[in-house]
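First the structure, in the form of structure tokens, and then the observations on it.
The values are calculated or read from the model by the stated rules, or taken from the named source; none is laboratory data. What you are looking at is a predicted structure, and each value in this text was computed from that prediction instead of being measured. Cβ coordinates were reconstructed from backbone atoms using ideal geometry, including for glycine residues, and neighbour counts include every protein chain displayed.
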């Protein structure tokens, strides 16, 4: 019997700590993201807690560089120290299987079970660190930032989809890896366009190079739609307890992309109305194919 087993219906101290850490991660997603939270609820019981744990760590890191740390009085240099400490604690927790930080502990449990390693963790923190030092991006820095901030998060989730509940994690297929990366990239570029006004005025950042004329809004939307189409074609290859959630997330961002293309106001934050979100979720629950998927 291991330390994480349940004895006579009551969790051991470590099992209770694990459960509390996962509950803390679930609280983060419930407070911060209605759209991602909706998609997460469509996941099966096997992958759901792990995806919540990934999102929670990502959200905490993002908050260090995107406002709350500054509002608490931290300078960019101090915020970078906090981010470095979080990265170090995360990597240490994956190795040892324990952290005094509940969000890090929850992520480490997922990483150890599903095969998420340093090769995915470090690029994520590198991109977060970029937000403290880089305001304007060209094509190369955009691609590097998106890889670390979004594509690797998609790859972390893919590790969960393939490996949650297994004894020995395996590497996903190349086609699934490509689909996860392109879906993550599409999500990030949609968010860049949605938050364009806030990023420019409040944060002083130009992730897409629109201000310098390095690219155009139409070119970005064309790239998003190409990435969404590529991702749609491989969602059917995911385990059955993941497809509905990924389809719902894909179709939500496809709807956002459409609305962004129709909108003439680049400063207003485009959103999908709740009734439309509900229809997207229902269609996914009923087993509909992702929008744009080949028949």
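Points to keep in mind about this one:
- Counting residues in the stretch 137-157 that are surrounded by 15 or more Cβ atoms within 10 Å (Cβ to Cβ) and in contact with a strand residue (DSSP E or B) (Cβ under 9 Å, 6 or more places away or on another chain) gives one or more.
- Check on residue 108, assigned to a helix (DSSP H, G or I), at pLDDT 95 or above, within 30 Å of residue 14 (Cβ to Cβ) and under 18 Å from the mean Cα position of the chain (by Cα): yes
- Where a residue in the stretch 9-21 is over 22 Å from residue 94 (Cβ atoms) and its partner, wherever it lies, is in a helix (DSSP H, G or I) and modelled with pLDDT of 75 or more, with Cβ under 8 Å and at least six apart: 11/19
- Restricting the stretch 1-36 to residues that are touching a strand residue (DSSP E or B) at 6+ places or on another chain (Cβ under 8 Å) and modelled with pLDDT under 85, the residue that is surrounded by the fewest Cβ atoms within 10 Å (Cβ to Cβ): 1
- Applying a threshold of 6 Å to beta carbon distances and a minimum spacing of six or more residues, or different chains, the list of pairs starting in the stretch 192-211 at a residue that is touching a residue at least 40 places away in the same chain (Cβ under 8 Å) and ending at one that is buried (at least 18 other Cβ atoms within 10 Å of the Cβ) and assigned to a helix (DSSP H, G or I) reads 193/260; 205/199; 207/192; 208/192; 208/220.
- Flag for residue 52 being closer than 20 Å to residue 199 by Cβ and touching a helix residue (DSSP H, G or I) at 6+ places or on another chain (Cβ under 6 Å): no
- Single match in 146, 153 (criterion: under 18 Å from residue 48 (Cα atoms) and assigned to a helix (DSSP H, G or I)): 153
Residues are listed down the side, and each one gets a yes or a no for (1) farther than 19 Å from residue 246 by Cβ; (2) out of contact with any helix residue (DSSP H, G or I) (no Cβ under 7 Å at 6 or more places or on another chain):
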position: 92; (1), (2): yes, yes
position: 102; (1), (2): yes, no
position: 127; (1), (2): yes, no
position: 137; (1), (2): yes, no
position: 145; (1), (2): yes, no
position: 158; (1), (2): no, no
position: 172; (1), (2): no, no
position: 179; (1), (2): no, no
position: 190; (1), (2): no, no
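- As a summary of the residue check, residue 161 satisfies the conditions (1) crowded, with 21+ Cβ neighbours inside 10 Å; (2) more than 20 Å from the chain's Cα centre (by Cα) except for the one numbered (2).
- Of all residues in the stretch 251-279, those being under 20 Å from residue 226 (Cα atoms) and without any contact (Cβ under 8 Å) to a residue 60 or more places away in the chain number 8.
- Filtering the stretch 111-124 to residues that are part of a helix (DSSP H, G or I), surrounded by fewer than 22 Cβ atoms within 10 Å (Cβ to Cβ) and touching a residue at least 12 places away in the same chain (Cβ under 8 Å) leaves 112, 113, 118, 120, 121, 122, 123.
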